[in-house]
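The values are calculated or read from the model by the stated rules, or taken from the named source; none is laboratory data. These figures come from a predicted structure and were not determined experimentally. Quick reminder, even Gly has a Cβ in these numbers, built from the backbone with ideal geometry, and neighbours come from all protein chains shown.
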Amino acid sequence: MFKSNYLSNLFQEVKERYVTQPEFLQAVEEFFDAMDPIVNEDPNIEKHAIMERLIEPERIVKFRVTWFDDNGKINVNRGYRVQFNSAIGPYKGGIRFHPSVNESILKFLGFEQTFKNSLTGLPMGGGKGGADFDPRGKSDNEIMRFCQNFMQELYRHIGPDTDVPAGDIGVGFREIGYMYGMYRKIRNENTGVLTGKGLTYGGSLVRKEATGYGLLYFVEEMLAKYREETIEGKKVIISGAGKVAMHAALKARELGATVVAMSDINGYVYHKNGLDISLIAKLTENNPEFTTQYKDYHSGAEYGKSPKDVWTKPCDIALPCATQNELPIESAKALVKNGCYLVCEGANMPTTLEATHYLQEKDILFGPGKAANAGGVAVSGLEMTQNAMHTPWTYEELDKKLKDTMKSIFEKSYEAAEKYADPRNLVVGANVAGFMRVYDAMVAQGVI
């Protein structure tokens, strides 16, 4: 499978051990695939059992969350926190509330987060958490009660110098606020233990925009380096309608691109002359769905009931911003057929490994999520700094820091790709660049 016997044998062991965790296995395979060029060159990686240690979380916390709904019925959900690697700093990563949440998904996310956080240059380790709770259709009071009960267990395992969670799918300002309020009550302290907070109690400007904006800043770097172009005039497809996709669309428009198609869980909307991004922003303000309502305002657009069909439309640039494995091989082939020449991931692992390989074989520029969507955690790290200093920065200062961080991440990834593979292979570049910092820290701290 890999050129390295060490990686091949280890991956076989991992497959046998975690046969019921497909998302985690996919993340490990993609990582090993990218690391293959360097492992044989550095025998210390095997000597120090770096890979064996990296793929095992330092800690997994599982707990029961019991809460009352508005009818007085008792409900029980499962909560998790995967603290993957703290070699370079406190665990850092989002909390996800979604019915699909399980140990496999959270391990894949925490594993990816380790290298993503490393690429930012900030002192943050990797972690992820969440619950199989679905906030859709719940009242504010039900969500508040769930968040408070979730935090009554989680608070034991987090802290500003231990583990600093943030938001993710199903967890926004509202949910972070409810969780932070309970943490503050239990601990009787105001600390930067959560990021993505409201601006009135320690939150940061640019945080809600950061992942989407950062994605476009990364795309700009790719276009400048590989094509000596800007994004102005390019036709863009974006999947998803959450905060990442929406702010990516707004920034793409601001930079002069035309967003021709977007999707949500109900389907997609396409218009070759460009979508009404301001309307979509308004429709998704409180709920990441818009396609069923958009047709009431623009009947001339094309509508489809399958979100995956959004990738069958012509474009220059495709930005998958919804969820894992949303872009399979069939969609990759459709993008290539219709003239797409750049794919950049705004979600975590949205492109299957088979599709990634196909895009690379067809010489499509490909920006992996662990580099391209690091803007959110970068600004989360800056929120931690502001909390520690008790000093907020301005919007302009933070936007510049975000842009500089994304430029630095691209440059690190490009340089590693040029050294270990091919200058266009940012998958190898991002993985190697992220790995090296964690590797050095692990060796320096001994076997622990």
Task: Residues of the range 408-448 satisfying the condition of being closer than 28 Å to residue 57 by Cβ, part of a helix (DSSP H, G or I) and either without any contact (Cβ under 8 Å) to a residue 12 or more places away in the chain or in the same structural domain as residue 90 (by TED's automatic domain parsing) (or both) - done: 440, 444
Task: the range 321-344 residues that are within 21 Å of residue 370 (Cα to Cα), paired with ones that are surrounded by fewer than 22 Cβ atoms within 10 Å (Cβ to Cβ) and of a type in the set (Gly, Ala, Ser) (beta carbon under 9 Å, 6 or more apart) - done: 323/100
Task: Condition check for residue 413: in contact with a strand residue (DSSP E or B) (Cβ under 9 Å, 6 or more places away or on another chain) and either within 20 Å of residue 124 (Cβ to Cβ) or surrounded by fewer than 22 Cβ atoms within 10 Å (Cβ to Cβ) (or both) - done: yes
TODO: Mind listing just one residue for me: the one in the range 223-241 that is crowded, with 23+ Cβ neighbours inside 10 Å and not hydrophobic (A, V, I, L, M, F, W, C) and, of those, farthest from residue 345 (Cα to Cα)?
DONE: 240
- [ ] Pick out the one residue from 176, 143 that is touching a Lys or Arg at 6+ places or on another chain (Cβ under 6 Å) and at pLDDT 95 or above.
- [x] 176
- [ ] Collect the residues in the range 268-302 that are in contact with a Phe, Trp or Tyr (Cβ under 7 Å, 6 or more places away or on another chain), over 20 Å from residue 172 (Cβ atoms) and buried (at least 18 other Cβ atoms within 10 Å of the Cβ), keeping them in residue-number order.
- [x] 269, 291, 301
TODO: Considering each residue of the range 253-285, count those that are touching a strand residue (DSSP E or B) at 6+ places or on another chain (Cβ under 7 Å) and without any contact (Cβ under 8 Å) to a residue 60 or more places away in the chain, and give that number.
DONE: 17
Open item on the list: Quick test of your reading of the structure: residue 106 fulfils all but one of (1) in contact with a helix residue (DSSP H, G or I) (Cβ under 7 Å, 6 or more places away or on another chain); (2) hydrophobic (A, V, I, L, M, F, W, C); (3) not in a loop (DSSP other than H, G, I, E, B). Name the failing condition by number.
Closed with: (1)
- [ ] Filter the range 347-395 for residues that are polar (S, T, N, Q) and either farther than 18 Å from residue 167 by Cβ or out of contact with any strand residue (DSSP E or B) (no Cβ under 8 Å at 6 or more places or on another chain) (or both) and give the result.
- [x] 348, 351, 352, 356, 360, 373, 385, 386, 387, 391, 394
Task: When residues of the range 242-251 are limited to those that are in contact (Cβ under 8 Å) with a residue 40 or more places away in the chain and in contact with a strand residue (DSSP E or B) (Cβ under 8 Å, 6 or more places away or on another chain), the one surrounded by the fewest Cβ atoms within 10 Å (Cβ to Cβ) - done: 245
Open item on the list: Looking at the range 123-138, can you tell me whether even one residue there is part of a helix (DSSP H, G or I), of a type outside the set (Asp, Glu) and surrounded by fewer than 24 Cβ atoms within 10 Å (Cβ to Cβ)?
Closed with: no
Open item on the list: I need the full set of residues from the range 344-382 which are of a type in the set (A, V, I, L, M) and in contact with an Asp or Glu (Cβ under 6 Å, 6 or more places away or on another chain), in order please.
Closed with: 353, 372
TODO: Give 167, 181 a once-over and let me know the one that is surrounded by fewer than 23 Cβ atoms within 10 Å (Cβ to Cβ) and either in contact (Cβ under 8 Å) with a residue 24 or more places away in the chain or assigned to a loop (DSSP other than H, G, I, E, B) (or both).
DONE: 181
Open item on the list: Go through (1) in contact with a Pro (Cβ under 9 Å, 6 or more places away or on another chain); (2) surrounded by 16 or more Cβ atoms within 10 Å (Cβ to Cβ) for residue 3 and report which single condition fails.
Closed with: (2)
- [ ] Inspect the range 362-383 for any residue being in contact with a helix residue (DSSP H, G or I) (Cβ under 6 Å, 6 or more places away or on another chain), among the hydroxyl-bearing types (Ser, Thr, Tyr), closer than 27 Å to residue 198 by Cα and in a helix (DSSP H, G or I) and give the result as yes or no.
- [x] no
Task: Residues of the range 213-263 satisfying the condition of being in contact with a helix residue (DSSP H, G or I) (Cβ under 7 Å, 6 or more places away or on another chain) and among the β-branched types (Val, Ile, Thr) - done: 230, 231, 236, 237, 238, 244, 259
TODO: Give me the pairs, please: first residue somewhere in the range 221-239 and more than 30 Å from residue 266 (Cα to Cα), second residue anywhere and aromatic (Phe, Trp, Tyr) and not in a loop (DSSP other than H, G, I, E, B), beta-carbon distance under 8 Å, and either six or more positions apart or on two chains.
DONE: 221/410; 222/410; 225/410; 225/414
Task: Neighbours by Cβ (under 7 Å, 6+ apart or cross-chain): first from the range 56-79, of a type in the set (S, T, N, Q) and outside any loop (DSSP other than H, G, I, E, B); second at pLDDT 95 or above and surrounded by 13 or more Cβ atoms within 10 Å (Cβ to Cβ) - done: 66/149; 75/67; 75/69; 77/65; 77/131; 77/132; 77/133
